[in-house]
Structure formats: C-alpha cells, structure tokens
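The block underneath contains the structure these notes are about, expressed in structure tokens.
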Amino acid sequence: MPRVLSVSPSEPDPAIIAEAVRVFRSGGLVAFPTETVYGLGARALDPAAIARVFAAKRRPLTHPLIAHVLGAADARALAGSWPERASTLAAAFWPGPLTMVVDRGDHVPPSVSGGGESLAVRAPSHAIARALIAALGEPIAAPSANGYQGLSPTLAAHVVKELGAAVDLVLDGGPCDAGVESTVVDVRGPVVRVLRPGALDLERLRGVAAVEAGTYTARGGEHRASPGMDARHYAPTARLLIAKTSEEAGQMAVHLASSGQRVGLVVHDAADTAFAEARVLLRRLPCDAVPYARLMYRTLHDLDDAGVDVIVTQAVPEGEAWWAIADRQRRAAT
Ligand code: TXA
Ligand code: MG
C-alpha cells in the first residue's frame, strides 16, 4: 500500500509538500487532490516518470496526459505556439477546471502527449496542487488517479483502492469539490472545440469565446477527436444500466434483485422509492447538476465497494448543465 499523508486542503503543510517534492525528484509518483478529481502526478519533463504513470494506470501509451502548471506563463513555456485565444481563456478561467490543447513545445517529451504533436495544459485551483507545482518549480503531468477506464477518484481512499502500491505517496486533502474532470478544449483552430465536457460550464466558456460543441454532441460516444476518450470509460466494476425514470430504474432494480443479483440503485428525483427493497442498495443524489457531480463517482465507488453486481441509474435530465454527467454515465454504461 502507498504512504498516505493527510494535508489541509486550504493551508497545506510546507513540510509535507517538501516531502512530496522529494518523491517527485527521485522519479516517484504522488497522487494529490485537485478541484476536480485526484490526479496521479509525475514530473512532466521526466520521460522515466511519465512511463511509470502509464504503467501504474495500465493506460495505452497513445493516451495523452495533462500538464499541470501555475498559470498562462508556465503553460506558454511548454507550448510550441500559443494562440491569443489561449490567453483570453486562461485569464477568464485559470486557475480552474479548464484544460486547453495547444501545440507541444519541442522540449516537452512526446510521451506526455501520447506521441502526438499537441499538449494539454491546465492550471488547477486547488491549494495542494498549486503548492506542489510551486515547490517543485516544474509542470506536473497528472491523469486522474485511477486504473484505465475506471472510475475517477474523489477521495484519497479511492486512489489507494485503484492504484495500491503503484503510487509512492498519496496526499489526502479530503473530498474533491467538483467531483468530475476538467473541461477539455482544443484552442488551436478558429473556434474553441470541446473535446470533453467537464466541470467548467459551456455557458461560461461561450461568454468569452466562440465554442464548437455540436460535433461532440452529434457523435456522442463515437467521438474520436480526443485520443484517450474511449467509448467505455469512467466505469464502475459493476455493470451499469441506465433507465429513463426513477420508477423504471426501481422496477429494473427489483427485477434484477429477484433473479439473485446484488443491485445498486441511483436516483435523483423525489419520486416514491418504496419499490426499493432490502436486496437493493438505494442511493439518492441531488437534483442539481453541481452537487450531483460532486457525489457521482463517490456513490459509484461506494456501491462497488459494497459488492453489487449491477448498478441501475436514473438518466439525468437533458441539457447542457448535465452534459458532463450524462457523458460519464453513457461511457460507464458502454
Ligand atoms: O480534471 C482533470 O482534468 C483531471 C485532474 C487530475 O486534473 N485529470 C484528468 O486527466 O482527467 P486524464 O488523463 O484522466 O484525462 C485527460 C483527458 C483525456 O480525455 C484525454 O484524451 C484528453 O484529456 N487529452 C489530454 N491531452 C490531450 C491532447 N494532447 N489532445 C487531445 N486530448 C487530450
Ligand atoms: Mg481519467
């Protein structure tokens, strides 16, 4: 099992941050909280450390990583070119849950980008993440700290469960605020193209730039513009089924339970859930997208930990506010 150290999420202890920096400098991997999900960090400019990240996650080498920096100046230093639009978006949303894809600078190891010519950069707002980047004085490559295609971690315990001894040190800063990953956009073209819906609202993006999200929506789970966006992704160990309404979800759950399966049921509306019976583990989530996202992965982790065979979840409402959540649900059910 990895070493786990508790850290204040608002005022991280400099001695613990210094210890994490020692682990980074010796080529090790440190998992840490961000405002979205926990990341599995390595020095972005150290190819050997990057190779360890791919191995720890059992992630295909073609799936690019995000380089985490303090701000636009550091991001620009990693980029081959830096469009005006990137400065505009950074000024509006960094630090925060926005990842921008730009051209990769020649000095950045290609393995960070999965061998490609582009590079994803993001300046996280979480105090622990920022303290680590500042103390290390270098960018930190950090995918979500879970195994390939698995559920992202929103608690340190999820990281330990997912990665075990493959990570050297886990900084436990408590639960992540957003609970869903950053919004990934490609800023190299004439418009801002959404590659992954996430914690930053599209509506807010549109406030500062022309955004192209249509292709993503239209192609749904078949979307291939972002390497690393598999149809199946973000999935619990249990099979995940989506039902249109809470009533339908309840009926499915009871039916599955009656055939002897252990069943989890996730609903978010106030409908009568008297259908839930002893053999069905019922979890209620909030009806607003932001608090729903905060608890989503945690709820699925809990049901996995409880050993259910199948999870039936009520489909979330249509509409952009729920887009990131609907995307994760669809991929998890694939
Ligand atoms: O919120 C987050 O973004 C978290 C925290 C730890 O910062 N990180 C995260 O990383 O979710 P990861 O590796 O699990 O997901 C990165 C996403 C993938 O969908 C990948 O395809 C996309 O970003 N991505 C990364 N680099 C890219 C690139 N050069 N071009 C296109 N897509 C890229
Ligand atoms: Mg991930």
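The values are calculated or read from the model by the stated rules, or taken from the named source; none is laboratory data. Owing to the predicted nature of the structure, the values given are computational and were not obtained by experimental measurement. Glycine also receives a Cβ, built like all others from the backbone with ideal geometry; neighbour counts cover every protein chain displayed.
Can you pull out the residues in region 165-197 that are part of a loop (DSSP other than H, G, I, E, B), closer than 17 Å to Lys57 by Cβ and among the aliphatic types (A, V, I, L, M)?
The one that is part of a loop (DSSP other than H, G, I, E, B), closer than 17 Å to Lys57 by Cβ and among the aliphatic types (A, V, I, L, M): Val167.
Read through the list (1) acidic (Asp, Glu); (2) in a helix (DSSP H, G or I); (3) within 8 Å of ligand 1 (Cβ to nearest atom), then give the number of the only condition that Glu162 fails.
Result: Glu162 passes all but (3).
Across region 9-47, what is the total count of residues that are surrounded by fewer than 24 Cβ atoms within 10 Å (Cβ to Cβ) and small (Gly, Ala, Ser)?
Number satisfying all stated conditions: 6.
Scan (1) of a type in the set (A, V, I, L, M, F, W, C); (2) outside any loop (DSSP other than H, G, I, E, B); (3) more than 9 Å from ligand 1 (Cβ to nearest atom) for the single condition Leu119 breaks and write down its number.
Answer for Leu119: the failing condition is (3).
Given the conditions (1) touching a His at 6+ places or on another chain (Cβ under 8 Å); (2) within 11 Å of ligand 1 (Cβ to nearest atom); (3) small (Gly, Ala, Ser), report the number of the one that Ala199 does not fulfil.
Condition (1) is where Ala199 drops out.
Which members of region 139-196 meet the condition of being away from ligand 2 (no atom under 16 Å from the Cβ), among the aliphatic types (A, V, I, L, M) and more than 26 Å from Asp13 (Cβ to Cβ)? Talk me through it step by step, then tell me what you get.
The initial filter retains those residues of region 139-196 that are away from ligand 2 (no atom under 16 Å from the Cβ), namely 139, 156-157, 160, 164-165, 168-175, 177, 185-194.
Now restrict to residues that are among the aliphatic types (A, V, I, L, M): 156-157, 160, 165, 169-171, 185, 187, 191-192, 194.
Selection gives Val185, Val187, Val191, Val192, Val194.
Checking the condition closer than 25 Å to Ile325 by Cβ, surrounded by fewer than 23 Cβ atoms within 10 Å (Cβ to Cβ) and of a type outside the set (Phe, Trp, Tyr), which residue from Leu169, Leu155, Leu136, Leu78 passes? Spell out the reasoning first.
Values: Leu169 fails: closer than 25 Å to Ile325 by Cβ; Leu136 fails: closer than 25 Å to Ile325 by Cβ; Leu78 fails: closer than 25 Å to Ile325 by Cβ.
Of the residues listed, the single one that is closer than 25 Å to Ile325 by Cβ, surrounded by fewer than 23 Cβ atoms within 10 Å (Cβ to Cβ) and of a type outside the set (Phe, Trp, Tyr) is Leu155.
Results for (1) assigned by TED's automatic domain parsing to the domain that holds Glu181; (2) farther than 11 Å from Val180 by Cβ; (3) of a type in the set (Lys, Arg); (4) assigned to a helix (DSSP H, G or I), shown as yes or no for each residue.
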| site | (1), (2), (3), (4) |
| --- | --- |
| Arg283 | no, yes, yes, no |
| Cys287 | no, yes, no, no |
| Val290 | no, no, no, yes |
| Met296 | no, no, no, yes |
| Asp304 | no, yes, no, yes |
| Ile311 | no, yes, no, no |
| Glu318 | no, yes, no, no |
| Trp323 | no, no, no, yes |
| Arg328 | no, no, yes, yes |
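Of all residues in region 244-270 being surrounded by fewer than 22 Cβ atoms within 10 Å (Cβ to Cβ) and β-branched (Val, Ile, Thr), which is farthest from Asp302 (Cα to Cα)?
Thr245
Among the residues of region 45-71, write down those that are within 16 Å of ligand 2 (Cβ to nearest atom) and in contact with a strand residue (DSSP E or B) (Cβ under 8 Å, 6 or more places away or on another chain). Working first, answer last.
Here is the first cut: in region 45-71, the ones within 16 Å of ligand 2 (Cβ to nearest atom) are 50, 53-68.
Of everything in region 45-71, those that are within 16 Å of ligand 2 (Cβ to nearest atom) and in contact with a strand residue (DSSP E or B) (Cβ under 8 Å, 6 or more places away or on another chain) turn out to be Ile50, Val53, Ala56, Lys57, Pro64, Leu65, Ile66, Ala67, His68.
For residues in region 33-87 being at pLDDT 95 or above and of a type in the set (S, T, N, Q), which is farthest from Ser125 (Cα to Cα)?
By that ranking, first place goes to Ser81.
Tell me which residues, restricted to region 127-159, are in a loop (DSSP other than H, G, I, E, B) and under 26 Å from Arg232 (Cβ atoms).
As a first pass, look at region 127-159 and keep what is in a loop (DSSP other than H, G, I, E, B): 137-139, 142-143, 145-149, 151-155.
Within region 127-159, Ala142, Pro143, Ala145, Asn146, Gly147, Tyr148, Gln149, Leu151, Ser152, Pro153, Thr154, Leu155 qualify.
Can we say Val112 is modelled with pLDDT of 95 or more, assigned to a helix (DSSP H, G or I) and touching a Lys or Arg at 6+ places or on another chain (Cβ under 8 Å)? Steps first, please.
Working: modelled with pLDDT of 95 or more: yes; assigned to a helix (DSSP H, G or I): yes; touching a Lys or Arg at 6+ places or on another chain (Cβ under 8 Å): yes.
It is true that Val112 is modelled with pLDDT of 95 or more, assigned to a helix (DSSP H, G or I) and touching a Lys or Arg at 6+ places or on another chain (Cβ under 8 Å).
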